[in-house]
Amino acid sequence: MDSTTLIYIVIIIALAGVVAYLFSKMKKDTPARPVKTANIGGEPGSLNSQQLQLQAYERLTLLAGRIALPGLIARVSNPALSARDMQMMLTQTIRQEFDYNITQQIYVSADAWNAIKSLMEQNILIVHQIASALPPEATGNDLCKILLEYLMNDPKGTMHEVVCEVLSYEAKTIL
């Protein structure tokens, strides 16, 4: 890897670390309170409203898992693709999953939705940065291997677990 790639990776790691720190600080500093969301399906606190909110948190937790890079790579990896094609496949899949669940934002807090958006953006950034460091003849398998190695060597490289914890915490405040 050249020095530019190394700088990009350090920036990504630092960004992920800051986001993880902010989420953990928010979780510790925020007293348990009901999540303020749109009043959909009845009076605030009504059973129907709570069910819709809980379903939204459930869907967003599933989304976080589906766009987490290890699971995504396992689902869409195709040995016949070039690294460039695999990069496009990964980013397109992340965006499609996000777009499919975009309406859930009306049922959850702004913090929860921003966590999901940050996860999507971080994963796309990681894929682009690592793919840009590969030689033009690299295969899709090369890209996937380096992505997985990056994630295994840096626990802060992915924040889907932190996002899932935030979503779980907020869902529990509704119960």
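The values are calculated or read from the model by the stated rules, or taken from the named source; none is laboratory data. What you are looking at is a predicted structure, and each value in this text was computed from that prediction instead of being measured. Cβ coordinates were reconstructed from backbone atoms using ideal geometry, including for glycine residues, and neighbour counts include every protein chain displayed.
Could you list, in sequence order, all residues of region 84-114 that are among the hydroxyl-bearing types (Ser, Thr, Tyr) and in a helix (DSSP H, G or I)?
91, 93, 100, 103
Residues to consider are 110, 115, 131; find the one that is aliphatic (A, V, I, L, M) and without any contact (Cβ under 8 Å) to a residue 24 or more places away in the chain.
Going through 110, 115, 131 in turn, just one is aliphatic (A, V, I, L, M) and without any contact (Cβ under 8 Å) to a residue 24 or more places away in the chain: 110.
Given 156, 117, which one is in a helix (DSSP H, G or I) and modelled with pLDDT under 95?
Working: 117 fails: modelled with pLDDT under 95.
Being in a helix (DSSP H, G or I) and modelled with pLDDT under 95 holds for just one of 156, 117, which is 156.
So which residues in region 53-73 are closer than 9 Å to residue 104 by Cα and either within 10 Å of the chain's Cα centre (by Cα) or basic (Lys, Arg) (or both), if there are any at all?
Those that are closer than 9 Å to residue 104 by Cα and either within 10 Å of the chain's Cα centre (by Cα) or basic (Lys, Arg) (or both): 59, 60.
List the number of the failed condition for residue 37; all other conditions in (1) in contact with a Gly (Cβ under 8 Å, 6 or more places away or on another chain); (2) modelled with pLDDT under 90; (3) under 21 Å from residue 165 (Cα atoms); (4) not hydrophobic (A, V, I, L, M, F, W, C) hold.
Among (1) in contact with a Gly (Cβ under 8 Å, 6 or more places away or on another chain); (2) modelled with pLDDT under 90; (3) under 21 Å from residue 165 (Cα atoms); (4) not hydrophobic (A, V, I, L, M, F, W, C), residue 37 violates only (1).
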